[in-house]
Every structure is written in C-alpha cells, then in structure tokens.
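Shown next, in structure tokens, is the structure this report addresses.
Nothing in this text is a laboratory measurement; each read-out follows from the coordinates by a stated rule. For clarity, every value in this text was computed on a predicted model and none was experimentally measured. Note that we place each Cβ from the backbone using ideal geometry, even for glycine, and neighbour counts take in every protein chain shown.
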Amino acid sequence: MADKLSGVGVSTGVGYGPALRLTRAVPEPPADARHDGDADAEARRAFAAAEEVARDLTDRGERAGGEAREVLAAQALMARDPALADDIKRRIGEGAAAARAVSDAMAVYREMLAGAGDYLSGRVADLDDVRDRIVARLLGVPVPGIPQSTSPFVLVAEDLAPADTAMLDPERVLAFVTREGGPTSHTAILARSLGLPAVVACAGADQITDGTMLLVDGASGDVLSGPDPTQAEAARAAAAARAAAAAESTGPGRTRDGHTVPLLANIGGPQDLPAALENGAEGVGLYRTEFLFLDRADAPGHEEQVAAYRAVLEAFPGGKVVVRTLDSGADKPLAFLPPAAAEPNPALGERGLRMMRRHPEMLKSQLAALAEAQRDTDADLWVMAPMVTDVDDAAWFAAAAGEAGIEHAGIMIEVPAAALRARHLAEAADFFSIGTNDLTQYTCAADREVGGLGRFQDPWQPAVLELVAAAAKAAAAAERSCGVCGEAAADPVLACVLTGLGVTTLSMGATALPLVRAALARTTLAQCREAAQGALAARGNEDAKRIARQALPGLAELGL
Ligand code: PEP
Ligand code: MG
C-alpha cells in the first residue's frame with residue numbers, strides 16, 4: 001500500500017521514478033581555523049573563490065535564461081558584495097582562515113537579511129547557497145547541488161536554491177518535491193518555466209530516502225511513495241497524453257461553440273517572449289515590469305526601459321500587450337524606494353500604486369518610456385496599475401497615464417475593496433485585469449508567502465469567485481474588458497469557470513497555455529456558465545472544484 005504525502009502542487013504534470021536527494025551538506029569550517037600568516041595571500045584566495053562562484057552563477061543564469069537569469073545574477077551580486085569583501089578581509093587580517101572568515105562574515109549578512117521583511121528574508125536560502133559554494137571551494141570539497149545520475153529521477157530536497165533549479169535537466173529530472181517553499185517561491189516560478197511537475201511545502205519530504213519510487217502529481221500536490229507500478233505508469237501515461245492533446249490545440253482561445261477568450265502570456269521581460277510565442281500566446285496579458293527594477297541600486301534609465309518595453313511590443317505586431325507599472329513593496333522591495341516607515345505587515349503596506357503616489361516622478365518616467373516604446377510599433381499597448389484600492393487611486397493613475405499620452409489605462413483588481421466597488425472604478429479605468437493571487441491573499445487574509453495556509457490560498461474559494469463575478473459584471477455593464485492574470489487562469493478547469501463568470505481574457509505563464517486552450521475548446525459557453533454558477537453556490541473550495549468539474553464533461557477527454 002502506497003504512503004501518501006501532501007504538499008502544494010505548483011507546476012502541473014505527473015512524474016514517476018526513484019527519489020534522489022539533493023546533497024547540500026558542506027562541512028562547517030573549524031571555529032579556530034587560522035591561516036599560515038600570509039593574510040594577503042589568504043584574502044586573495046577568498047576573493048578568487050567568491051569570484052569563481054559569482055561567475056559560475058552568472059554563467060548558469062545565462063544558460064538557463066528566463067527568470068533564472070535575474071535570480072542568479074542577484075546571487076552573483078551577493079558573492080561580489082564589497083561590504084562583505086571588506087568584512088572577510090578584516091577577519092582574515094585578524095588571523096581567521098579564508099573559509100572561516102567567509103562563513104562568519106556571511107552569518108552577519110544573513111542576520112540582517114532574515115530580519116529585513118518578507119521578500120529579503122526569502123532570500124536567506126539564496127545567501128546560504130552562495131556561502132556553501134564559496135566555502136566548498138575553499139575547503140576543496142564537492143560543491144553542493146543536483147545529484148549526478150545517468151538515469152532519470154525525482155529530485156527531493158529541503159528547498160532548492162535558484163542555482164540548482166535553473167540547471168535541472170528536464171530530460172534527467174522527472175519532477176521535484178521540496179519540504180519548504182510556497183506557490184510563489186522562486187522554486188515554484190522556475191519549475192513552471194522549466195515545465196517540470198513540482199510539489200512544494202510537502203511535510204514528510206525529509207523522510208523520503210534515496211531510491212524510493214515516487215509518483216508526483218504537480219496539480220493536486222499529492223506525492224505517493226511506493227505506488228502500484230502499473231497504476232503509477234498509467235497516471236504518468238495519462239498526463240503525457242493530456243499534454244499531447246493539449247499541444248494539438250492551436251489557434252486563438254475559444255469555447256467549442258465559438259465564444260472567444262483571448263489567451264495571453266504573463267512575462268517578466270523580453271527573455272520570456274520565446275516561450276510565449278512557442279505556446280501560441282495571442283499577446284501579453286501581464287508584463288511584470290518590476291523585474292527590470294529589482295536587485296539593483298538605481299532605477300533603470302529611460303533608454304534601458306524603452307528597449308525592454310519595445311522588445312515586447314515588437315514581438316506581437318497588432319497584438320495586445322498589457323504592461324503593468326512598477327509593483328514594488330511587500331515581497332518585492334526596491335533598494336532605491338524603501339517604504340516610508342518600517343512595516344509590520346508589508347503586504348498591507350506601501351506597495352504597488354501606493355508607492356508610486358509617494359514617488360510620482362518614478363511612475364511618470366515609466367509611463368514616458370512606455371509611450372516612447374510604443375511609437376513606431378504596431379502593438380496595441382495597454383497599461384495598468386497594481387494594488388489599486390479605490391476610485392481616487394484609479395482616477396489618479398488614469399490622469400498620469402493620459403498626461404503621458406497612453407491611450408488605454410486600466411487597473412488591476414486585486415484588493416477586495418476594488419472588486420466590491422468595481423462599478424465605480426470602471427468610471428475611471430478603461431479596463432480591468434484581476435490579479436487572483438493577491439485577491440485571494442487579501443480576501444482570505446492569508447499571506448501568499450507563507451507555507452501551510454492551504455485552502456485559504458486557493459482561488460477556488462467561493463468568496464474569491466464572488467469578487468471575480470462582481471468585477472466582471474461591473475466591467476460588462478460599463479463595456480470594459482475584464483481579464484484574469486493571476487495563477488487562477490492557468491488552471492484549466494478554473495479557466496472555464498472564469499469564462500462562465502464573464503471574464504474576457506485569460507493570461508498565464510506560457511507553459512499553461514496549451515492545456516487551457518484545449519480545455520476551452522472542449523466546453524460550451526453555457527457549460528462554463530453552469531460550472532460558474534455551481535462553483536459560486538458551493539460551500540467551500542473543494543466543493544466548488546467538484547461541482548464545476550461535473551458541469552464540464554468535455555474535460556474528461558483531457559483526463560482532467
Ligand atoms: C496577482 O496578484 O494575481 C498578480 C497577477 O500579480 P502578482 O502575482 O505579480 O502580484
Ligand atoms: Mg498582484
């Protein structure tokens with residue numbers, strides 16, 4: 001009888017194979033380790049190791065591309081941090097051996113990060129990884145990382161550092177399971193961009209031993225250890241057949257009876273365009289521009305911004321490109337735009353548009369770069385603001401966009417207040433795009449960065465669906481479009497429900513597009529509406545899924 005572990009499925013697909021654990025242990029350098037007296041030579045050795053690590057990380061990022069590039073570049077910056085280098089040098093000057101000095105200096109840095117708010121404390125794992133890599137080099141022991149195996153395996157780890165995830169070979173790695181991490185952790189985002197099934201926040205993952213056969217379902221979050229091999233193989237084959245059926249559906253998004261639902265891609269920058277185009281995105285529904293601003297000391301200049309925006313606009317001639325203005329604060333703090341005061345609950349603090357209202361010059365420069373990027377392209381540029389709360393916010397943003405010459409200025413609906421008052425906000429916004437990640441977080445009062453809050457982080461919660469319905473209804477009455485660009489759009493069953501609730505476009509990570517396209521093609525608009533009504537009337541999130549699924553019989557062909 002197989003044992004079942006449960007975690008959070010963050011990247012769909014099914015993987016079946018033997019477990020292999022990530023090797024992470026690097027020996028702690030002895031507390032009294034001292035060098036032989038030549039402090040300069042020892043410091044040179046330390047800096048050379050740190051530089052090698054920085055180069056290796058940058059190189060891995062370049063090879064992996066996508067969001068991995070930015071994440072690994074940020075880690076490389078940690079390895080090259082001048083303040084850290086000064087501290088290492090000082091410790092070596094006092095006699096400490098290089099490995100000890102690195103370890104101690106980084107411990108101080110680590111404390112600072114751990115106490116510096118949600119996003120930065122989330123980077124502690126990245127910093128530990130950098131430390132282990134430098135120390136391993138200095139001690140001459142193997143660098144921690146993905147186990148070497150010639151046959152495919154399921155990777156099991158406490159957590160995965162971006163450097164590990166970025167180099168996973170999808171040919172060799174069947175899936176991964178981690179004990180830590182949440183749906184929006186780097187691990188989860190990178191897993192989706194690699195198209196690997198993944199389950200995070202899986203209690204009990206630390207008990208899995210090497211060689212145990214695992215069946216990992218990246219949709220349900222279930223991890224079966226030692227399942228019946230025939231059943232496991234059948235589940236894996238069904239998932240592969242589903243992926244193949246999905247890949248066959250091409251063309252614009254529409255239901256079986258021809259109701260169109262444009263399918264758009266969520267991107268973090270031009271590096272994500274190839275995947276969007278390959279998966280048939282009809283445009284971009286969410287360009288998260290903050291990736292251009294994160295992990296740097298100053299804001300990008302006008303020319304750099306114009307180039308990044310233009311690259312995206314040019315990729316979709318005639319197509320719609322929805323750009324979101326800088327969404328900083330909370331889990332995405334910017335070194336050059338700190339909050340006005342220390343925030344005990346950053347997710348409820350000065351983030352998104354709130355930050356821009358204190359720094360209007362920052363928004364103005366971004367809007368100017370967007371207006372210029374659009375000049376001489378055929379793209380249809382739509383610009384929207386994150387974290388809009390009331391009509392005053394929406395009107396303020398619309399005025400700023402209008403002054404910059406932006407034609408379509410809209411808002412994200414991700415605060416319950418905005419959804420509830422959507423009919424008023426529609427007066428000041430050309431379009432809505434619902435951010436179900438934050439809308440779920442704020443509706444259910446469940447921090448999206450925290451593991452283990454399970455059902456409260458599920459957009460299937462009927463309360464969230466009611467707010468989506470309210471926003472879509474208000475948009476329709478005002479003849480505005482109303483898309484969804486949160487992770488909810490990437491769930492093929494929920495995508496049908498959202499369509500039934502009146503959502504007009506769906507935007508998601510590129511790898512989710514084929515299955516959502518295939519799901520829509522197998523249902524009618526009436527079925528989507530019936531599923532939506534059933535989900536709204538359900539008692540809870542699990543009931544909503546079950547009832548909706550019953551109203552969508554065509555999805556059985558996809559094994560959903
Ligand atoms: C959302 O909140 O649903 C959203 C799309 O924005 P982000 O995930 O970038 O906060
Ligand atoms: Mg959001």
Next item on the list: In nm, give the distance between the simple-model label positions of SER6 and GLU111, each being 7 Å from the Cα along the Cα-to-Cβ direction.
Entry: 4.0 nm
Margin query: I need the P(r) histogram for the chain: all alpha carbon pairs, bin width 20 Å from 0 out to the longest distance, whole percents.
Written below: 21, 53, 23, 2
Next item on the list: Have a look at the DSSP beta bridges in segment 300-443 and tell me what percent are antiparallel, nearest 5.
Entry: 15 percent
Next item on the list: Using amide H atoms built 1.01 Å from N in the peptide plane, name the residues 5+ places from PHE431, or on other chains, whose amide H lies under 5 Å from its own.
Entry: GLY410, ILE411
Next item on the list: Using only the alpha carbons of segment 253-558, determine the length spanned along each of the three principal axes and report them from longest to shortest in whole angstroms.
Entry: 52, 44, 35
Notebook entry, point to check: Which ³J(HN,Hα) values, rounded to whole Hz and listed in residue order, are derived for segment 319-335 from phi using the Karplus coefficients 6.51, -1.76 and 1.60 in 6.51 cos²θ - 1.76 cosθ + 1.60 with θ = phi - 60°, glycine and proline given as x?
Noted result: x, 7, 10, 9, 9, 9, 5, 2, 10, 9, x, 6, 7, 10, x, 10, 4
Next item on the list: Using DSSP, restrict attention to beta bridges with both residues in the chain and report what percent are antiparallel, rounded to the nearest 5.
Entry: 35 percent
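Go ahead and run the numbers for FRET between ALA537 and ALA73, Cβ-Cβ distance against an R0 of 45 Å, rounding to 0.05.
That gives a FRET efficiency of 0.40.
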Item checked: For the chain, with +1 on Lys and Arg beta carbons and -1 on Asp and Glu, the positive-most of PRO346, ALA99, MET387 along the dipole -> MET387
Item checked: Under 30 Å from the Cα of LYS545 - lysines, other chains or at least 8 residues apart -> LYS4, LYS473
Checklist line | In degrees, nearest ten, helix 82-93 long axis to first principal axis of the chain (Cα) | finding: 20 degrees
Notebook entry, point to check: With N residues in segment 301-342, what two-decimal value do you get for its Cα radius of gyration over 2.2 N^0.38 Å?
Noted result: 1.57
Notebook entry, point to check: For ASP38 and GLU278 in the same chain, what is the full-extension length gain: residue separation times 0.36 nm, less their Cα-Cα distance, in nm?
Noted result: 80.8 nm
Notebook entry, point to check: To the nearest 500 deg cm²/dmol, what mean residue ellipticity at 222 nm is calculated for the chain from DSSP H runs of n ≥ 4 alone, each contributing -39,500 (n - 2.57), summed and divided by the residues?
Noted result: -13500 deg cm²/dmol
Check: Once the other residues with Cβ under 15 Å from the Cβ of GLU372 are scored (Lys, Arg +1; Asp, Glu -1), what is the net sum?
Finding: -3
Checklist line | Full-stretch length increase - ASP376, ASP257 - with 0.36 nm per residue and alpha-carbon distance subtracted | finding: 39.1 nm
Checklist line | Separation of the VAL141 and ALA48 label points, Cα + 7 Å toward Cβ, nm | finding: 2.2 nm
Check: What distance in nm separates the simple spin-label points at ALA234 and ARG423, each placed 7 Å from Cα in the Cβ direction?
Finding: 5.2 nm
Notebook entry, point to check: Roughly what angle does helix 391-403 make with the longest principal axis of the chain, taking Cα atoms, 0 to 90 degrees, to the nearest 10?
Noted result: 80 degrees
Notebook entry, point to check: Between ALA340 and GLU361, 0.36 nm times their residue separation minus their Cα-Cα distance comes to what?
Noted result: 6.0 nm
